[in-house]
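The values are calculated or read from the model by the stated rules, or taken from the named source; none is laboratory data. In this text, all values refer to a predicted model and were calculated from it rather than measured experimentally. Using ideal geometry, Cβ is built from the backbone for each residue, glycine included, and neighbour counts are taken over all protein chains shown.
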Amino acid sequence: MPAAVLAANVGLVGAAHFVIVSVGSLAMGVLGGLLGVGGGVFLVPWLVMAAGVGAREAVGVSLLCVIATSAASSYVAGRRGDARLDVSLRLEPFLVVGALVASAMGVRVAEGPLLVGFAVFILIVAALVWVRGRFAGVERPPGLPVERHGIVNALAALSGAASGLFGVGGGVLLIPGLVLLGRMPVKEAATTSSLCLMSSAAAGAVVHLTQGGLPVDVVAIAVVGVLPGGLWGARLQQRVSARTLETTFMVLALAVAVLTALKGFA
C-alpha cells in the first residue's frame, strides 16, 4: 500500500501521526533486531507514549507485527538448518494455550495496571538478557534432553502468556529458558524459538481482533516499519560487540521501564 494512501487514512492526527508511528516502528524494529529481543519490547511503549495509542490496542498492534517478523525469522531459521523442528512442534501447543488465556485476560485489564506490569516485565527481560550473555560461549550437545521436557513445556506456556498479555515475541523468555532450563545451545535455542513464535502471536492477535477496536491504520504502518527494521537490526548486530549490545539494552530497558511505569501510575 503506497505511503500516501496510508497517510491519508490515518485517523488520529493525520500526517503527523503517520510520521510518529512509521518512523518509531522502524526505529523500534531496528532496536529489537539489533539487541535480539524483538521489536515488541519497545514498540508497545512507543505506541502508547508517543503515538497516543491505548495500551490494549498497542498490544494487539504489536502482536500482528510479531506475526510478520516471526514469519521472516522462521524462513531464515529454516534455511540455516540449525533449528529443531521436533522441539518447536512440542512447544507450540503450550505457547498457543498460554497466549490465548493471557490475551483473554489482558483485554479486560485496566490500562494502568497493564502498563505497570509491562514495566516489570521489561526489567525481567533485561535480567534474562544478562544471564543469556553469560552462556553465549558454552558448548552443549544439540537437542532437548528428555528429562527437561516437563519444565520446558511449562516455560513455553509462560512465554506464550507473556506474548499474549504484553504483545511481545515470547522468545524473550523462551530463548534464555531453553538455554538455562532446557540446556540447549544458545544458537539452536534462538533459531528454534523463531519457528515457534508465530503461532503464539497469532493466537493472541485473534483474541484482540475478535474484541474489535484495533486501529487498522496503525497496524498497517507499524508492520511496514517493524519488519524491515528488524531485519536491518539483525544485520547490524554482527558488527557490534556483545558487551556493547548488552549495556545498551540494560540502559534502554531501565529507561523504558521507568517511563512506562510512570505512565501506568498516572
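Pairs linking a residue in the range 22-35 that is touching a residue at least 24 places away in the same chain (Cβ under 8 Å) to a residue that is part of a helix (DSSP H, G or I) and of a type in the set (A, V, I, L, M), with Cβ atoms under 6 Å and 6 or more positions apart or on different chains, are Ser22/Ile221; Ser25/Ala222; Ser25/Val226; Met28/Leu43; Gly29/Val226; Gly33/Ala234; Leu34/Leu236; Leu35/Leu245. Annotation note: Cβ proximity below 8 Å between a residue of the range 198-225 that is more than 19 Å from Ala162 (Cβ to Cβ) and a residue that is in a helix (DSSP H, G or I) and among the charged types (D, E, K, R) (sequence gap 6+ or interchain) occurs for Gly213/Arg56; Gly213/Glu57; Leu214/Glu57; Pro215/Glu57; Val218/Glu57. Among the residues of the range 223-266, the ones that are surrounded by 14 or more Cβ atoms within 10 Å (Cβ to Cβ) and of a type in the set (D, E, K, R) come to 2 in all.
Only one entry of Leu173, Leu155, Leu178 meets the criterion of being within 17 Å of Gly33 (Cα to Cα), at pLDDT 80 or above, hydrophobic (A, V, I, L, M, F, W, C) and touching a helix residue (DSSP H, G or I) at 6+ places or on another chain (Cβ under 9 Å), and that entry is Leu173.
Among the residues examined, Leu209 does not qualify as surrounded by fewer than 24 Cβ atoms within 10 Å (Cβ to Cβ) and within 18 Å of Val48 (Cβ to Cβ).
Look at (1) under 28 Å from Val107 (Cα atoms); (2) aliphatic (A, V, I, L, M); (3) assigned to a helix (DSSP H, G or I) and you find that Val251 fails only one, number (1).
Each row is one residue, and each column tells you yes or no for (1) among the small types (Gly, Ala, Ser); (2) in contact with a helix residue (DSSP H, G or I) (Cβ under 9 Å, 6 or more places away or on another chain); (3) crowded, with 24+ Cβ neighbours inside 10 Å.
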{"site": "Val21", "(1), (2), (3)": "no, yes, yes"}
{"site": "Ser25", "(1), (2), (3)": "yes, yes, yes"}
{"site": "Met28", "(1), (2), (3)": "no, yes, yes"}
{"site": "Leu34", "(1), (2), (3)": "no, yes, no"}
{"site": "Leu43", "(1), (2), (3)": "no, yes, yes"}
{"site": "Trp46", "(1), (2), (3)": "no, yes, no"}
{"site": "Gly54", "(1), (2), (3)": "yes, yes, no"}
{"site": "Ser62", "(1), (2), (3)": "yes, yes, yes"}
{"site": "Ser70", "(1), (2), (3)": "yes, yes, yes"}
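With the structure loaded, tell me whether Leu195 is more than 29 Å from Val53 (Cα to Cα), in contact with a helix residue (DSSP H, G or I) (Cβ under 7 Å, 6 or more places away or on another chain), of a type outside the set (Ser, Thr, Tyr) and surrounded by fewer than 17 Cβ atoms within 10 Å (Cβ to Cβ) or whether it fails that test. For Leu195, the condition - more than 29 Å from Val53 (Cα to Cα), in contact with a helix residue (DSSP H, G or I) (Cβ under 7 Å, 6 or more places away or on another chain), of a type outside the set (Ser, Thr, Tyr) and surrounded by fewer than 17 Cβ atoms within 10 Å (Cβ to Cβ) - is not met.
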